[in-house]
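Visitor: The structure is given below, and queries will be raised subsequently.
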Amino acid sequence: MAYNHYILVCGGTGCESSGSGEIYKNLHAEAKAAGVEDQVQIVKTGCFGFCEKGPIVKVLPEDSFYVEVKPEDAKEIIHEHIIKGREVSRLLYDKKKKSISQANEIQFYQKQLRIVLRNCGLINPENIDEYIARDGYMALEKVLFNMTPDEVIQEMLDSGLRGRGGAGFPTGRKWSFTKAPENDVKYVVCNADEGDPGAYMNRSTIEGDPHSVLEGMIICGHTIGAHQGFIYIRAEYPLAVERLKIAMKQARDYGLLGKDILGSGFDFDIEIRLGAGAFVCGEETALLRSIEGKRGMPTPKPPFPAVCGLWGKPTCIDNVETLANVPVIINKGAKWYSTIGDEDSKGTKVFALTGKVENSGLVEVPFGTTLREIIFDIGGGIKNGKKFKGVQTGGPSGGILSEEELDLPINYANLKAHGTIMGSGGVIVMDEDDCVVDVSKFYMQFCVEESCGKCSPCRIGTRQMYEILDKITRGNGTMEDIEKLKDIGSAMQKASLCGLGQGAPNPTLSTIKKFENEYIEHIKDKHCRAGKCKHLVQYYITEKCIGCGACARKCPADAISGDKKQRHVINQTLCLKCGECERTCKFNAIIKK
């Protein structure tokens with residue numbers, strides 16, 4: 001059936017939590033009530049990426065981009081846009097008083113190149129026909145009937161595709177290593193165990209385009225000689241899991257998964273394994289142990305999984321983003337793909353841009369794009385006009401980059417040279433109100449809790465570093481503590497069994513290197529310039545106080561006293577440093593030092 005209009009409603013987890021499910025239902029109900037249900041198709045898609053402005057509704061063919069839509073707006077969209085042909089201007093994205101209707105006019109999208117996210121926000125992820133209509137499973141057909149496994153591996157090598165899970169190992173080499181062993185049983189594993197705080201790249205890719213991951217896995221299986229695949233995904237991703245199940249059933253019904261795929265004689269099937277949210281299971285050997293039903297703990301390498309992996313068999317492990325690139329490379333060619341990015345890193349990278357940035361969301365850019373372009377051009381700069389302080393890449397295993405490094409082109413080599421890593425793609429922006437010592441303590445506490453405890457450098461080292469950082473934030477640190485942090489961190493990097501322990505010191509070591517003066521302020525001056533370390537903060541009532549008593553009534557410790565219409569005072573001994581007084585005062589009479 002031909003429709004006059006198509007309404008695309010964001011159905012990603014973020015927008016769903018903000019009411020997009022109700023918007024979708026209301027649009028259907030309003031279209032039916034108005035008698036135009038046969039003129040408009042309403043589709044629930046995956047994430048559009050522009051999470052800051054969700055829920056998002058897009059209307060085609062006008063390409064009208066509606067932001068921050070509410071369920072009650074459905075009636076106006078149907079009656080004004082669909083029936084009368086007039087855009088609902090109040091819902092259009094607005095920047096500097098200029099109404100912008102089309103997505104390609106929005107600065108957030110202008111420097112992006114969506115390869116992994118090519119279908120997210122454009123198709124119904126629960127309808128295999130829509131994936132096929134956008135060249136879905138064409139790459140699989142090409143691999144099955146027109147390419148040899150060695151030709152596929154060469155295509156991966158020529159493309160320059162590197163693993164997007166963090167280590168950046170060349171995908172073609174990994175596939176070659178797994179193909180080489182003579183074994184009648186091999187496995188393909190998709191690592192969707194996304195554990196970095198603030199990261200949701202893999203989740204959104206699966207929610208918006210699950211078939212791209214399945215197609216990549218099947219191609220990998222045929223190439224290396226495997227007949228069974230596993231998707232290891234955390235149970236906290238129920239929507240992604242549900243859409244994977246739907247996609248797998250549809251693929252089986254279409255003869256694209258299971259026995260004798262497309263009549264080629266090749267058998268390959270996939271099972272889902274749910275993780276319990278252990279960060280260490282993002283490490284490949286711990287992940288494999290978890291799939292086997294054992295406790296998720298890393299094992300020494302070698303042997304590597306490509307030789308001895310799942311149940312002792314050769315196993316190829318790739319993450320969601322890596323696999324989603326594969327069909328595009330097969331369809332468009334390695335030569336095309338290798339022209340994107342820079343000499344060190346080819347293609348694009350998906351980042352979850354979060355923190356103190358105006359436009360948080362999912363961003364896909366070519367390698368070589370600078371941090372400044374991502375944060376200020378795409379992200380719109382720092383919230384509330386605050387000053388940029390730093391950006392954490394690579395999650396708890398990464399490091400901080402300072403203002404002097406904003407023009408650093410992002411690739412694997414550059415990030416490593418500047419004391420951080422690519423990781424899976426989390427980018428957390430910090431402003432002047434963030435304390436680097438407090439941030440380091442947060443990440444170290446995370447690593448303490450997530451360490452499996454198998455190796456002593458990680459088990460003991462993370463705890464020791466956390467206690468020193470906690471001591472510094474309480475005002476009890478000494479100058480020797482800085483050297484202790486460096487020594488323990490260096491030992492952990494060299495001696496820990498897996499990437500968790502090896503990477504855990506990175507946030508601390510990178511902040512000491514780039515913001516050592518703030519550590520010294522905490523130790524010598526007993527002062528936290530950001531006001532985050534509450535043991536180093538004191539609240540004062542200034543002469544602006546009119547004696548209204550509002551702060552005293554709100555204080556949970558009864559630490560504020562004073563006569564009516566007279567300047568009040570805070571008893572520093574009783575003060576809990578909760579900040580309730582500062583938030584309550586309408587006259588800006590309370591400051592913290």
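Visitor: Would you mind telling me the antiparallel percentage of the DSSP bridges in the chain, rounded to 5?
Guide: 55 percent
Visitor: What number, rounded to the nearest 500 deg cm²/dmol, is the helix-based mean residue ellipticity at 222 nm of the chain, given -39500 (n - 2.57) per DSSP H run of at least four residues and division by all its residues?
Guide: Calculated at 222 nm, the ellipticity per residue is -10500 deg cm²/dmol.
Visitor: So what is the relative contact order for segment 346-399, in percent, with contacts set as C-alpha pairs under 8 Å and at least six apart?
Guide: Once divided by the residue count of segment 346-399, the mean separation gives 29 percent.
Visitor: Just need the relative contact order of segment 436-525 here, percent rounded to a whole number, with Cα pairs under 8 Å and 6+ apart.
Guide: Rounded, it is 38 percent for segment 436-525.
Visitor: How large is ³J(HN,Hα), in whole Hz, for each residue of segment 114-123 in order, when computed from phi with the Karplus curve 6.51 cos²θ - 1.76 cosθ + 1.60 and θ = phi - 60°, using x for Gly and Pro?
Guide: Whole-Hz 3J(HN,Hα) from phi for segment 114-123: 9, 9, 4, 8, 4, 9, 5, x, 10, 10.
Visitor: What do you get for GluC sites (Glu not before Pro) in segment 428-457 restricted to DSSP loop and a cutoff of at most 14 other Cβ within 10 Å of the site's Cβ?
Guide: GLU432
Visitor: Hey, another quick one. Only one of the values [x] 50; [y] 36; [z] 46 was calculated from this structure for percent of Cα pairs over 35 Å apart; name its label.
Guide: Matching entry in [x] 50; [y] 36; [z] 46: [z].
Visitor: If you take the square roots of the eigenvalues of the alpha-carbon gyration tensor of segment 23-133 and sort them as a ≥ b ≥ c, do you get rounded (a/c under 1.5), prolate (a/b over b/c) or oblate?
Guide: oblate
Visitor: Quick query: amide H of ILE272 versus all other amide H atoms, modeled in the peptide plane; which residues come in under 5 Å with a sequence gap of 5 or more or a different chain?
Guide: Amide H neighbours of ILE272, under 5 Å, 5+ apart: ILE231.
Visitor: Taking the Cβ of ILE590 as the center, what net charge do the other residues with Cβ under 12 Å away carry, scoring Lys and Arg +1 and Asp and Glu -1?
Guide: +4
Visitor: Need one word for segment 454-593: rounded, prolate or oblate. Basis is the Cα gyration tensor (sqrt eigenvalues a ≥ b ≥ c); a/c below 1.5 gives rounded, then a/b vs b/c decides. If you can, show how the numbers build up before the last one.
Guide: Values: a/c = 3.63, a/b = 2.97, b/c = 1.22.
Prolate, because a/c is 1.5 or more and a/b exceeds b/c.
Visitor: For a quick check: with amide H placed at 1.01 Å from N, whose amide H comes under 5 Å from ILE400's, ignoring anything fewer than 5 positions away on the same chain?
Guide: It is SER510, THR511, by chain and number.
Visitor: Order 433-444, 255-266, 132-143 from most to least packed using the mean count of other Cβ atoms within 10 Å. Can you show the working numbers first?
Guide: Numbers: 433-444: 23.2, 255-266: 15.3, 132-143: 18.1.
Highest mean packing first, the order is 433-444, 132-143, 255-266.
Visitor: From the backbone phi of segment 292-302, what are the Karplus-calculated ³J(HN,Hα) couplings (6.51 cos²θ - 1.76 cosθ + 1.60, θ = phi - 60°) in whole Hz, Gly and Pro given as x?
Guide: Each residue's phi maps through the Karplus curve to give 6, x, 9, 5, x, 9, x, 10, x, 10, x Hz.
Visitor: Amide H of THR370: which non-local residues (sequence gap of 5 or more, or other chain) have their own amide H closer than 5 Å, using H built in the peptide plane?
Guide: Residues meeting the criterion, in which the H sits 1.01 Å from N, are ILE410.
Visitor: Would you please name the GluC sites (Glu not before Pro) within segment 147-184 that are DSSP coil residues with at most 13 other C-beta atoms within 10 Å of their C-beta?
Guide: Those that pass, being in a loop and sparsely packed, are GLU182.
Visitor: Once you keep just the Cα pairs under 8 angstrom separated by 6 or more residues, what percentage relative contact order results for the chain? Could the numbers behind the result be given before it?
Guide: Values: 1255 pairs, mean separation 66.8, N = 593.
Reported relative contact order: 11 percent.
Visitor: Decide, for segment 486-560, between rounded, prolate and oblate: order the square roots of the alpha carbon gyration tensor eigenvalues as a ≥ b ≥ c, take rounded if a/c falls under 1.5, and otherwise choose prolate if a/b is larger than b/c, else oblate.
Guide: prolate
Visitor: Within a Cβ distance under 14 Å of TYR187, other residues only, what is the Lys/Arg minus Asp/Glu net charge?
Guide: Overall, the nearby charge balance is -1.
Visitor: Just to confirm the filter: which GluC sites (Glu not before Pro) across segment 321-390 are DSSP coil and have at most 14 other Cβ within 10 angstrom of their Cβ?
Guide: Within segment 321-390, the qualifying GluC sites (Glu not before Pro) (loop, at most 14 other Cβ atoms within 10 Å) are GLU343.
Visitor: Applying the Karplus parametrisation 6.51 cos²θ - 1.76 cosθ + 1.60 with θ = phi - 60° to the phi angles of segment 346-359, what ³J(HN,Hα) value in whole Hz is obtained for each residue in order, glycine and proline being reported as x?
Guide: Per-residue couplings from phi come out as 9, x, 10, 9, 8, 10, 9, 8, 9, x, 7, 10, 4, 10 Hz.
Visitor: A follow-up question, please. What ranking do 500-506, 406-412 get when scored by the average of other Cβ atoms within 10 Å per residue, highest first?
Guide: 500-506, 406-412
Visitor: First select every other residue whose beta carbon is under 9 angstrom from the beta carbon of PRO125; then total the charges, Lys and Arg +1, Asp and Glu -1.
Guide: Here the count lands on -2.
Laboratory data are not the source of any read-out in this text; all were calculated from the coordinates shown. Keep in mind that what you see is a predicted model, and the values were worked out from it rather than measured. Please note: Cβ atoms are built from the backbone with ideal geometry, for glycine as well, and neighbour counts cover all protein chains shown.
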